[in-house]
Amino acid sequence: MIINRRKLVDAKMERLRSGYSAFAESKEVVTLLEEEIIREQLPVIIEKTELGCWFIPEKERSFSRQVQHE
């Protein structure tokens, strides 16, 4: 099955805008999400792990891009 990465990113961004966490495994999807988060200035904590990357919305904080490198 072929998954449209753009639609996947759009769905994950909608979750983040609604205050829910999102997880991505693919480096391409992680990169696209990071770009969208920066563009929209969403206050999100980004935690990279060996299995993928968690995007966790921040509550009542100003925009910041926190990335933990592998």
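A short reminder: the numbers here are calculations on the coordinates, not readings from a lab. The model shown is predicted, which means the values in this text are computed figures rather than measured ones. Note that each Cβ is placed from the backbone with ideal geometry, even for glycine, and that neighbours are counted across all protein chains shown.
Summary table
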{"read-out": "Exposure proxy order (Cβ contacts within 10 Å, fewest to most) of ILE37, ILE45", "value": "ILE45, ILE37"}
{"read-out": "Full-stretch length increase - TRP54, SER21 - with 0.36 nm per residue and alpha-carbon distance subtracted", "value": "11.2 nm"}
{"read-out": "Efficiency of FRET between ILE3 and ILE45 - r from beta-carbon atoms, R0 22 angstrom, step 0.05", "value": "0.30"}
{"read-out": "Nearby lysines by direct alpha-carbon distance to LYS7 (threshold 23 angstrom, same-chain neighbours under 8 apart not counted)", "value": "LYS27, LYS48"}
